[in-house]
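No value in this document is a laboratory result; all are computed from the given coordinates. These numbers come from a predicted model, not from an experiment. As a convention, Cβ positions derive from the backbone with ideal geometry for all residues, glycine included, and neighbour counts pool all protein chains shown.
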Amino acid sequence: MIIRPCARLISTSAPSSSRYDAKVFREPISDREQLRKPLSADDERNFLFIKALKSDETPTFYRNHVVDKLVRVCMTDGRKEMSRKNVLAALEIIKRKQYQAWNKASDDEKPKIELSAFKIAEVGIDNCKPLMKLQGVTRGGTTYQVPFPIEDSEAEFRAMKMMRDICRQKAKHGETFFKDALAAELMLASQNEGATIQAKQELHKTCEANRAYAHYRG
Amino acid sequence: MLIRGVVSTASSVRTFSSLSSLSTGDSPSSSGRAARALEMYMRGVKEHDKMMGREGANFERGKRHLANMMGMEASTMTQNDIDTAIRYLFPSGLSDKKALPILAPPDQVLPRLHKLAFDEEGKPMGARFYTLKPAFYQLLSEVAIRSEKVDRYGGEKKTIKEKNHFQTGGSVWLNEEKMAKKLGEKISTHMYTQLMMAMEHLISLPGSATQNDFIMQWREPIAAGSGNKLFGPPIPPVEIDATTNRRTATAKADVKATYAEVKVSDAGKGEFIVDGMSLDTFQSLQARETLLCPLIVSDLLGRLSITATTKGMGGETAVPRAVRHALSLSIAALYPEKKEVLTLSGLLTRDPRKRERSKVNQPGARAKWIWKRR
């Protein structure tokens, strides 16, 4: 029998930023089309480790970037399953409404009606993307709201966040359900209407008004 | 001839005196100094050999004692047995390996003494002896010769293959310390930088791919991901099931504190059993996606029969992830042509992420309480 020395270890080192060492790990390929293409000889992924695929990136045929991101943005306390249920329920409501409208419509109206709920969500979020953002910059003890340019992924996030906050406000105290509010908001946004579009325009207006602070950037 | 410890000091002095009488240009004082240096060197070699003999005897004696204590036969004791015995007899809580006691043959532990080569007349072999760093300058000139060869060779007539550059991906130059160890000589940072400049010049030339073997001697693969190594458990062997006569692979994997064992047979009808339950008992859509992920990626949906058992903490996402990893490993075993796709999509990698412990005086692992003056 071998007695293993057992000492209680007290960690004194600072926590590392990632469990994956940035020197030897690269991102996995989750797109099936890209997977079929061969890698070039000098690609780093030939020699390095690949990170484990995330659970919500499985390459299924219905994988949709906007819906997945919306699920993450709408999540509270790490309950992603609950959030996914809400978002998918909202998409179902949209699908039902569109299909009802399609049933009622005349034959020449029918091809104009969008039946894909995923498509409507994509267009709706795309319409809500702001062009600028406001960020507080402190100069001489005063904080100014300074307009900054924005990257596409952040614009998408801010659009989703605005929509989420409006829907949560609507669903407060059980007035409606979050899924109903989200469905209504997405459908309106896809027509360039609704509270989220208004919030976006208001943001643009404030950015325009605060244009004088632009030199505080950077 | 290599001078060994058995050569007496007197004879070495004699050889040198005959050598100095041959050289005409040397002043007597410098030759005297050189003779003394050589004498010192010879004495050093002799002492080193004596010491190695002593340490070797000590090692043998220590081994015999250990064998006695552990009730083993000294002659059949391997280094592995010695290590185990030392770990048992001297348990230690120290985590640094250098702080733990060892018993090993002296030539593995003690620094090696580089002996100089001399010819019949007692002159050192090779003109680079007088540079004091013969191995380093040998390498430097070899790099230069090879660079010139690559640069000049063929010119316009080079084929496309001969114009290829050396592929730097996946490997890095040996660092200063390792380079010095490999050369067996102490080199300064300045010398190392010079060597690196020469090497970089060599690989910058079109056609440097022809010198691949030489260059790779002085480079090392990037620590982990080189070759076919996987981060995590290896791909299991394929077995033939005795009853069904089908090819079968069994792999084990873990995520956080959940352990999964998956048995996969080919030529199945798509059965997927996890802990005795079928796939539709998983309520969560993401769990089902995760479980089917390796089959989707490798285009094997409905062609295998899969049985998984899990134990440990479990959890909504941990169980599917553990099963997914073990399943991917088994698929890679049964269908080696799918291995590359599975690797690139990150399915053969063990997920090292774990819950980070919360810290004292903080509400969480990273979160801090808001600082207020009063």
**OP:** Let me know the mean shielding of B:167-173 by other chains, meaning the per-residue number of their Cβ atoms within 10 Å of its Cβ.
**Re:** 3
Original post:
If you place +1 on the Cβ of every Lys and Arg, -1 on the Cβ of every Asp and Glu, and leave all else neutral, what size is the dipole of the protein assembly as shown about its Cα centre, to the nearest 20 Debye?
Top reply: 1860
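Can you tell me the relative contact order of chain B? Whole percent, Cα pairs under 8 Å, sequence separation 6 or more.
Here the relative contact order equals 12 percent.
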**OP:** Would you give the gap between the C-alpha center of segment A:109-136 and the C-alpha center of segment A:47-79, rounded to a whole Å?
**Re:** 20
Original post:
For B:Glu316 and B:Ile240, what is the calculated FRET efficiency with R₀ set at 56 Å and r taken between the beta-carbons, to the nearest 0.05?
Top reply: 0.95
Original post:
Which loop trypsin sites (Lys or Arg not before Pro) in segment A:167-218, with loop taken from DSSP, have no more than 16 other Cβ atoms within 10 angstrom of their Cβ?
Top reply: A:Arg217
**OP:** From other protein chains only, count the Cβ atoms within 10 Å of every residue's Cβ in B:283-293, then give the mean.
**Re:** 4
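Rg to Rh ratio, segment A:139-218, alpha-carbon atoms and Kirkwood radius? Let's see the in-between values first.
Working: Rg = 15.6 Å, Rh = 14.4 Å.
For segment A:139-218, the value is 1.08.
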**OP:** Positive end of the charge dipole of chain B (Lys, Arg +1 and Asp, Glu -1 on Cβ, about the Cα centre): tell me which of B:Tyr88, B:Ala34, B:Ala117 has its Cα farthest that way.
**Re:** B:Tyr88
Original post:
Taking the alpha-carbon centroid of each part, what is the distance from segment B:261-301 to segment B:93-120 in angstrom?
Top reply: 53
**OP:** State, to one decimal in nm, how far the label point of A:Glu33 lies from the label point of B:Lys115, with both points 7 Å from Cα in the Cβ direction.
**Re:** 6.9
Original post:
Any idea which of A:Pro149, B:Met197, A:Ala121 is furthest toward the positive side of the dipole for the protein assembly as shown, if Lys and Arg beta-carbons carry +1 and Asp and Glu beta-carbons -1?
Top reply: A:Pro149
Original post:
Computed on alpha carbon atoms, what radius of gyration and Dmax characterise chain A, expressed in Å?
Top reply: 23.4, 84
**OP:** Please give the length that would be gained between B:Asp280 and B:Trp369 if that part of the chain were fully extended, namely 0.36 nm times their separation in residues minus their C-alpha to C-alpha distance (nm, one decimal).
**Re:** 27.6 nm
**OP:** On a 0 to 90° scale, report how tilted helix A:178-190 is relative to the longest principal axis of chain A, with both axes built from alpha carbons and the result rounded to the nearest 10.
**Re:** 70
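Where nothing but the Cβ of Lys and Arg (+1) and of Asp and Glu (-1) is charged, how large is the charge dipole of chain A around its Cα centre, in debye to the nearest 20?
Magnitude of the dipole: close to 760 debye.
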Subject >> Span-like helix ranges in chain B, DSSP H, alpha carbon extent 18 angstrom or more, Kyte mean at least -0.5 >> reply: B:9-22, B:134-152, B:189-204, B:318-334
Original post:
What is the spin-label model distance, in nm, from B:Met216 to A:Leu88 if the labels are put 7 Å beyond Cα along the C-beta direction?
Top reply: 4.9
Original post:
Treating the beta-carbon of each Lys and Arg as +1 and of each Asp and Glu as -1, no other charges, what is the dipole magnitude of segment B:231-374 about its Cα centre, to the nearest 20 debye?
Top reply: 1420
Original post:
In degrees from 0 to 90, rounded to the nearest 10, what is the angle of the helix A:195-209 Cα long axis to the longest principal axis of chain A?
Top reply: 80
